[in-house]
């Protein structure tokens, strides 16, 4: 696969977060996100990349984080991620080979096998790592997404343009 990647699809728990599911006594959950992942997602979008979140769980924090980062496609509570992946591809006018998927566990495996650039975070299940074209050194929720985005920007020959903005 040598074409440019135009769409980045991310899971949440274990990819954008560390994978923990902390609960308050009343049953409410909260999520924490890594600041470097957020900047990288913004840079990806500024470099004309599209971004999507597809998650098996639902959380208002994900909607807020996506809005803060400029991610317009968010599907939560998805048990079969394939149809959401297809919807994201249609929304952004790409074919699956023009998409990258960052995953950590079995629900992302079918998407990773269909996309053009499958990526696993360092804390991913072994079977997910085996399906990946690239495995990050950093874990989900600890900059793994930022590392993956740098890799994709390099693949798209856009990394030097991103760096130019910050070296002025």
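Each reported figure results from applying straightforward, stated rules to the coordinates on display, with no laboratory input. Please read these numbers as outputs of a predicted model, since none were measured by experiment. In this analysis, Cβ positions are derived from the backbone assuming ideal geometry, glycine residues included, and neighbour counts consider all displayed protein chains.
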Quiz item: Which of the peptides 66-77, 155-166 is most tightly packed, and how do the rest follow, going by the mean number of other Cβ atoms within 10 Å of each residue?
Solution: 66-77, 155-166
Quiz prompt | Within the chain, helix-based [θ] at 222 nm, where runs of 4 or more DSSP H residues each add -39,500 (n - 2.57), nearest 500 | solution = -11500 deg cm²/dmol
Quiz item: Angle, helix 35-46 long axis vs. longest principal axis of the chain, Cα atoms, 0 to 90°, nearest 10?
Solution: 50
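With a 10 Å radius around each residue's Cβ, average the other Cβ atoms per peptide and rank 107-114, 123-130, highest first.
Working: 107-114: 19.9, 123-130: 17.2.
Answer by packing, highest mean first, reads 107-114, 123-130.
Please report the antiparallel percentage of DSSP beta bridges with both residues in segment 7-166, rounded to the nearest 5. If you can, show how the numbers build up before the last one.
Details: 1 of 18 bridges.
Roughly 5 percent of the beta bridges in segment 7-166 run antiparallel, per DSSP.
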Exercise. Compute the relative contact order of the chain as a whole-number percentage, counting only Cα pairs closer than 8 Å that sit 6 or more residues apart in sequence.
Key: 28
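Starting from the Cα gyration tensor of segment 42-138, take the square roots of the eigenvalues, sort them a ≥ b ≥ c, and report rounded, prolate or oblate (rounded when a/c is under 1.5, otherwise prolate if a/b is larger than b/c, else oblate). Don't skip to the end; give the middle numbers.
Working: a/c = 1.36, a/b = 1.27, b/c = 1.08.
Rounded.
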Quiz item: How far, in nm, would the chain grow between residue 91 and residue 57 when pulled straight, counting 0.36 nm per residue and subtracting the alpha carbon separation?
Solution: 10.1 nm
Quiz prompt | Per-selection metrics, the chain (Cα): Rg and Dmax in Å | solution = 14.9, 50
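Please compute the contact order of segment 67-134 in relative form: average sequence separation of alpha-carbon pairs under 8 Å and at least six residues apart, divided by the residue count, as a percent. List each step's numbers first, then the result.
Details: 91 pairs, mean separation 16.6, N = 68.
So the answer I get is 24 percent.
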